[in-house]
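Shown below is the structure under consideration.
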Amino acid sequence: MDLKASFDAAVAHHRAGRTAEAEQGYRAVLAAKPDHEFALQNLAQILRFRGDPVSALRLFQMAGALVPADANVQVNIARVLNLLGRHDEALLALDRALAIDPASKDALNNKGVTYQYMRRYEEALAFFDQAIACDPAFGLAIANRAIILETLGRLEAAIADYRRGLALDPSNVTALGAKLALQLKLCDWSDYAADAPRIRQLVAEGKAADQPVTFIIHTDDPAAQLSCARRYAASHYPGRPAPLWRGEVYEHDRIRVAYVSSDFRIHAVGHLVSELFCHHDRSRFEVTGYALGPRADDEVRRRIQGDLERFVDVADMDDLAVAQAIRSAETDIVIDLNGFTTHCRTGIFTYRPAPIQINYLGYPGTMGMDAYDYVIADRHVIPPGSEVHFTEKVIRLPGSYQVNSIRQAEVAPTPTRAEAGLPERAFVFASFNDNKKILPEMFDVWMRLLKAVPDSVLWLFGNSDLTVRNLTAEAVRRGVSADRLVFARQAPMDQHLARQKLADLFLDTFPYTAHTTASDALGMGLPIVTCTGQGFASRVAAGLLRELGLGELVAEDIDAYERLALQLAGDPDRLAGIRARLAAALATARVFDTQAVCRDLERAFELAMEPISAKRIR
């Protein structure tokens, strides 16, 4: 066998993207010469990108033993260790690399990445700075620094770094999605017209160009959303760790349910579930909460902690340790209340700690991976026929999938319009959705409505001074005076709920519609005009309205939405009639009956457990 010719042929296949042929060639070389360092490294790279980090690590370590003075091998070892969540060991490998080559920009950059994984952001920033000092044109490190600057709240500097990093390294498509996500958060639409279509095209090409939770903000195509989720999951959670649950049949008197969330605190999800847990039937269900970081000490956290049988703070535990705790408790059903949202710990679920794993409430879409067995939905958000866009099996609750409640006793006294900064006699359009959901196309509609309705104002949530500045500038650019926009600042939940009674009509965003925000507004008697689309995220508000018997407030497209909002603003009697019907519906609506929704969830859990229960009977 001509080893050099065989290796060169394998490399040629590798460079051409023919990885199966390349793998076959490298394995043939290694069969003849097991200590061929380059065949070891190249085969390890193939396995790493295929999603087999354990095998890749073994090969890189073999190569490292052969060439202990090669810094790049140690960097590759660290990359794979990070994929496996072994960050302390990754730091040791990178220290070995830097001992060999103190100016290795790749080692410095990866040390920053490792500290980022460990949430040690100032240390991460320092190492990205060192990597950039070694090579000022190192686009990847500049884009990575942007992520840390964003995390630390230095948002304008982060956008500048994203732009600079992408200019130097346009192939870093992940940075493109991260930049757009930050700009949407700030209502900075300067790059939106170019970036959003570009990201959709990259996702269609199979590239991990966006996070699923950002992609659904600007893309109402469930097939594309599935592609985005699948690619993101494959990129961030490659391979399949050995499952912790291996088919054991537990003999429990009660079904053991575990909710896992970073949002057992003042947060939209925490707000929704804060009244759920006290309604679980303790004779049939044993309910535990696993609290991810960040930690909190607020009334929502204390309420949830008091209502659960067990409350476990796992903020300082890595994914495997949390999964092992869930498995050791012989949990039957584990529910991910995060999905692909901030502070998620999706890696926990890749270890398969429980027989049944469910995606629920936090993320309105598919996870795109086989770690999740079911998604809980309803007939509105995932209508029949849409199951093909979900890797999970769909369990539909009979009413709304969203657990809601009306806590009038916890609502503060209604302020005056003057106290809320509103003009006394104006028609008040409101939209308290997260600012990142506002897209320029919908903002165009809102500005036309302000022009068409004399003495009207638009009441928005302003999450930062920079966002307020950007939205005000966008209004002026469209010929609307800055004083027609009124911004509500962060307020305690009881006060936020109370002030919504001052508005006349809620204008929804699209395609990511109001979810918790919709139930808050409706619960306070504020009608919503929404537009329904194809994806889960674009159908939640519509589902709530239909459950309340107010389907006429659901428009089928943006033009109909604009016409409807204008008609209601000009017809006070019709709007008053809708308010009266909403008030009547709230008194009896199942959608706001938390105990009834809890019973629906319990039936869903029992349905999911049927195959497991059948094994017990046998």
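The values are calculated or read from the model by the stated rules, or taken from the named source; none is laboratory data. Computed from a predicted model, the values in this text were never measured in an experiment. FYI the Cβ positions are ideal-geometry reconstructions off the backbone, even for glycines, and counts take in every protein chain you see.
Taking the options Ala137, Ala103, Ala107, name whichever one is in a helix (DSSP H, G or I) and either free of Cβ contacts under 8 Å to residues at least 40 places away in the same chain or under 28 Å from the mean Cα position of the chain (by Cα) (or both). I'd like the intermediate steps shown before the answer.
Values: Ala137 fails: in a helix (DSSP H, G or I); Ala103 fails: in a helix (DSSP H, G or I).
Step by step, each of Ala137, Ala103, Ala107 is checked, and only Ala107 is in a helix (DSSP H, G or I) and either free of Cβ contacts under 8 Å to residues at least 40 places away in the same chain or under 28 Å from the mean Cα position of the chain (by Cα) (or both).
With the checklist (1) touching a Pro at 6+ places or on another chain (Cβ under 6 Å); (2) farther than 21 Å from Phe429 by Cβ; (3) among the aliphatic types (A, V, I, L, M) in hand, flag the one item Ala584 doesn't pass.
Going through (1) touching a Pro at 6+ places or on another chain (Cβ under 6 Å); (2) farther than 21 Å from Phe429 by Cβ; (3) among the aliphatic types (A, V, I, L, M) one by one, Ala584 breaks only (1).
Ok, one more. Is there any pair with a first residue in the range 510-531 that is more than 14 Å from His271 (Cβ to Cβ) and a second that is acidic (Asp, Glu) and surrounded by fewer than 23 Cβ atoms within 10 Å (Cβ to Cβ) whose Cβ atoms are under 6 Å apart and which are 6 or more apart or on different chains, and what are they?
Pro511/Asp220
Here is a follow-up. Filtering the range 214-254 down to residues that are among the β-branched types (Val, Ile, Thr) and surrounded by 14 or more Cβ atoms within 10 Å (Cβ to Cβ), which residue is nearest to Thr342 (Cα to Cα)?
The extreme case among them is Thr214.
Which numbered condition trips up Leu272, out of (1) over 20 Å from the mean Cα position of the chain (by Cα); (2) more than 29 Å from Arg120 (Cβ to Cβ)?
Only one criterion in (1) over 20 Å from the mean Cα position of the chain (by Cα); (2) more than 29 Å from Arg120 (Cβ to Cβ) is unmet by Leu272, namely (1).
Also, I was wondering about something else. Conditions first: (1) surrounded by 22 or more Cβ atoms within 10 Å (Cβ to Cβ); (2) more than 13 Å from Asp263 (Cα to Cα). Leu337 passes all but one, so which condition is the exception?
Going through the list (1) surrounded by 22 or more Cβ atoms within 10 Å (Cβ to Cβ); (2) more than 13 Å from Asp263 (Cα to Cα), Leu337 breaks only (2).
Within the range 487-528, which residues are closer than 18 Å to Arg448 by Cβ and more than 27 Å from the chain's Cα centre (by Cα)?
Across the range 487-528, the qualifying residues are Asp504, Leu505.
Only residues that are part of a loop (DSSP other than H, G, I, E, B) and either among the β-branched types (Val, Ile, Thr) or without any contact (Cβ under 8 Å) to a residue 24 or more places away in the chain (or both): list them for the range 56-71, please.
Val67, Pro68
While we're on this one: Let me spell it out: the conditions are (1) assigned by TED's automatic domain parsing to the domain that holds Leu272; (2) surrounded by fewer than 21 Cβ atoms within 10 Å (Cβ to Cβ); (3) touching a residue at least 12 places away in the same chain (Cβ under 8 Å), and Ser328 meets all of them except one. Which number is the exception?
(3)
Here is a follow-up. Taking the range 532-544, which residues are without any contact (Cβ under 8 Å) to a residue 60 or more places away in the chain and part of a loop (DSSP other than H, G, I, E, B)?
Residue satisfying the conditions is Thr532 alone.
Being out of contact with any His (no Cβ under 8 Å at 6 or more places or on another chain) and either assigned to a loop (DSSP other than H, G, I, E, B) or more than 25 Å from Ala234 (Cα to Cα) (or both) is the requirement here; does Leu91 meet it?
The answer is no for Leu91.
Hey, any hits in the range 118-133 for a residue that's within 19 Å of Glu37 (Cβ to Cβ) and surrounded by 15 or more Cβ atoms within 10 Å (Cβ to Cβ)?
Within the range 118-133, none of the residues are within 19 Å of Glu37 (Cβ to Cβ) and surrounded by 15 or more Cβ atoms within 10 Å (Cβ to Cβ).
Another one. Condition first: surrounded by 15 or more Cβ atoms within 10 Å (Cβ to Cβ), touching a helix residue (DSSP H, G or I) at 6+ places or on another chain (Cβ under 7 Å), of a type outside the set (Gly, Ala, Ser) and not in a helix (DSSP H, G or I). Can you find one or more residues in the range 11-30 that meet it?
So far as the range 11-30 goes, no, none of its residues is surrounded by 15 or more Cβ atoms within 10 Å (Cβ to Cβ), touching a helix residue (DSSP H, G or I) at 6+ places or on another chain (Cβ under 7 Å), of a type outside the set (Gly, Ala, Ser) and not in a helix (DSSP H, G or I).
Residues that are crowded, with 20+ Cβ neighbours inside 10 Å: which strands (runs of 3 or more DSSP E) entirely in the range 387-500 hold 3 or more of them? Before the answer, list the steps.
Values: elements: 393-397, 427-431, 456-461, 485-488.
The strands (runs of 3 or more DSSP E) meeting that bar are 427-431, 456-461.
Just to be sure, is Asp297 free of Cβ contacts under 8 Å to residues at least 12 places away in the same chain and assigned to a loop (DSSP other than H, G, I, E, B)? Quick ask: steps written out before the conclusion?
Working: free of Cβ contacts under 8 Å to residues at least 12 places away in the same chain: yes; assigned to a loop (DSSP other than H, G, I, E, B): yes.
So Asp297 fits the description; yes.
Any residue in the range 545-573 that is within 18 Å of Gly523 (Cβ to Cβ) and of a type outside the set (D, E, K, R) sitting within a Cβ distance under 7 Å of a residue that is crowded, with 19+ Cβ neighbours inside 10 Å and at pLDDT below 95? List the pairs, counting only those 6 or more apart or interchain.
Here the result reads Leu548/Ala589; Leu548/Val591, each pair linking the range 545-573 to a residue that is crowded, with 19+ Cβ neighbours inside 10 Å and at pLDDT below 95.
Might you check whether a residue that is buried (at least 22 other Cβ atoms within 10 Å of the Cβ), in contact with a strand residue (DSSP E or B) (Cβ under 7 Å, 6 or more places away or on another chain) and either in a loop (DSSP other than H, G, I, E, B) or small (Gly, Ala, Ser) (or both) occurs anywhere in the range 309-320?
Within the range 309-320, none of the residues are buried (at least 22 other Cβ atoms within 10 Å of the Cβ), in contact with a strand residue (DSSP E or B) (Cβ under 7 Å, 6 or more places away or on another chain) and either in a loop (DSSP other than H, G, I, E, B) or small (Gly, Ala, Ser) (or both).
Yes/no per residue for (1) in contact (Cβ under 8 Å) with a residue 12 or more places away in the chain; (2) farther than 18 Å from Thr594 by Cα; (3) touching a Leu at 6+ places or on another chain (Cβ under 6 Å); (4) in a loop (DSSP other than H, G, I, E, B):
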residue: Tyr250; (1), (2), (3), (4): yes, yes, no, yes
residue: Arg256; (1), (2), (3), (4): yes, yes, no, no
residue: Val260; (1), (2), (3), (4): yes, yes, no, no
residue: Ile266; (1), (2), (3), (4): yes, yes, no, yes
residue: Gly270; (1), (2), (3), (4): yes, no, no, no
residue: Ser283; (1), (2), (3), (4): yes, yes, no, yes
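Continuing with this model, one more query. What is the residue count in the range 28-64 for residues that are under 30 Å from the mean Cα position of the chain (by Cα) and over 24 Å from Ala208 (Cα atoms)?
0
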